[in-house]
Amino acid sequence: MLTQASLSAAQDQPARVQRITGRLQAAETHAYLLNGLRAGDQLTVSMRATSGNLDPALGIVDTTMSLEEIGTRYQADLQRLLAANESVALALDELRNRYFLAFDDDGGVGYAAALAYVVPAPGDYVLIASSSLSALGRATSGDYELRIGLNAGESTGAVPTGAPIAERIPFPWGVSASVEEASGTLTAAAPVVSLKLVDIDAGATLTA
C-alpha cells in the first residue's frame, strides 16, 4: 500500500523535461546531481552524440558514498576483474551491476544511450554521463545532448518544461589531463604565432 501511494504521489506531480548539452573529451566523465527525488519518481534519460565519434553511456548512482570513494573502488575493482577475467564484456557487466543502480550503453537509437528508472527511496542521486569504452582506455569524444524527464513518461524528446531536474557537479575521477607540446619559429617578419585552443570547460586549469 505504501509503495502504491508513493507511485501515485509521484505520478500526480507535473511532468518536467530538461535538455542539457555538453562536450566530453577523451576519457572524461560528467556528473549531474538529481536533487530531492521522491520515492516512485520516474526518471527517463537519453544521451546522444552531436559531434565527434562519441559513444555515450549513462549510469545512476546514489549518494551513500562520495563520488571520489566510488571512483577509487570502481577503478581498483575494474583492474582486478580485467586481470582475472578473459571476458571483458562479462567483467564490465558485473562491475556496473555492482556500482550503478541503472546503466545503459546502446539502449537508444544507434549508439545513443537511454534508460528508465523508478526511484526506490527519497533522496539525492547522481547521473553519470561518459563514453562507453572509457573503462578500457579506448574512450571516444565529442559533443552530446542529454534529455532528462521526471514523471514525463517516454516524452524525453518533448520541449523542455518545468524547473531544472539536474545540476552539473564536479567529478573527481575519470577526467583526462591533456598535455601538448608545440614548436615553431618567430622572425622579424612573423613575430607572433597564434595557437587555437580546444573547447575548455569552466573551472578547468590551463597552464602554458
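Quick note: the coordinates plus some simple rules give every number you see, no bench work behind them. This is a predicted model, so every value here is computed, not measured. Note that we place each Cβ from the backbone using ideal geometry, even for glycine, and neighbour counts take in every protein chain shown.
Taking 0.36 nm per residue of sequence separation and subtracting the Cα-Cα distance, how much length would be gained by fully extending the chain between residue 35 and residue 189, in nm to one decimal?
Length gained between residue 35 and residue 189: 49.7 nm.
Rounded to the nearest 0.05, what FRET efficiency is calculated for residue 84 and residue 206 with R0 set to 30 Å and r the Cβ-Cβ distance?
Given R0 = 30 Å and the Cβ-Cβ separation, E is 0.15.
Tell me, what HN-Hα J-couplings in whole Hz come from the Karplus equation 6.51 cos²θ - 1.76 cosθ + 1.60 at θ = phi - 60° for each residue of the range 76-83, using x for Gly and Pro?
5, 5, 4, 5, 5, 5, 5, 6
Using a 7 Å offset from the Cα along the Cα-to-Cβ direction at both residue 63 and residue 97, what is the distance between the two label points in nm, to one decimal?
Those two pseudo-labels are separated by 2.9 nm.
Show me 92-101, 185-194 ranked by packing, highest mean number of other Cβ atoms within 10 Å first.
Ranked from most to least packed, the peptides come out as 92-101, 185-194.
Once you sort the root eigenvalues of the Cα gyration tensor of the range 26-147 as a ≥ b ≥ c, which label holds: rounded (a/c under 1.5), prolate (a/b larger than b/c) or oblate (the other case)?
Because a/c hits 1.5 or more and a/b fails to exceed b/c, the range 26-147 counts as oblate.
If you take the beta carbon distance between residue 72 and residue 169 as r and set R0 to 25 Å, what does 1/(1 + (r/R0)^6) give as a FRET efficiency, to the nearest 0.05?
So the FRET efficiency works out to roughly 0.90.
For the range 37-85, report the % of Cα-Cα distances exceeding 14 Å.
72 percent
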